[in-house]
Structure formats: C-alpha cells, structure tokens
C-alpha cells in the first residue's frame, strides 16, 4: 500500500523518531543536542512541522548519521513521480 502524497513530513518525522529511539535518546536529549526545543522535536516527529534544511543537518549531526538517512524514506515513497525528461540536442 502506497502512502498518500503530502505526508512527507510525517514520514521524515517517524524516521527521526525511529533513529532517536535506537540511539536511546529522549526528545529532550535530542533538543539539547540540536539547540532547539522539546516542542519543536515533538512537532517534527509527529509531522506537524517540516524541518528546515538547517534543522535536518543539526538533527543528523546530533543523531550521528547523514542527512540522507533521515530523508531516504522519501525515496521509497516517491518513485511514482516521473523522472525529468531531457531532450537531446
């Protein structure tokens, strides 16, 4: 079953939560490491706020992973999007 389009924030948030828990971190721990609030982490993990690129970089650093690890879930769920066609000159 394919997820509905438009829930990318939720997918990324779930991935962040999954990695945070696997590292044994609380939302408070992650917030402190990122220099943000617990409320911000909660919103991101629930998908009600989409993190900026800067925040994704900070999250990845705090979680000890690459940014691509946080957003790779989007690759699997957006394959139905047609690739950009290039015209040959």
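Quick note: the coordinates plus some simple rules give every number you see, no bench work behind them. Computed from a prediction, not measured in an experiment: that's the story for all the values here. Glycine gets a Cβ as well: all are built from the backbone with ideal geometry, and neighbour counts include every protein chain shown.
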With each label point set 7 Å from Cα along the Cα-Cβ vector, what nm distance links residue 29 and residue 69? 1.4
With the contact rule set at Cα under 8 Å and sequence spacing of 6 or more, what percent relative contact order holds for region 8-73? 42
Neighbour counts of other C-beta atoms within 10 Å: give me 52, 26, 36 arranged from fewest to most. 52, 26, 36
If the chain between residue 8 and residue 37 were fully stretched, how many nm would it gain, using 0.36 nm times the residue separation less the Cα-Cα distance? 8.3 nm
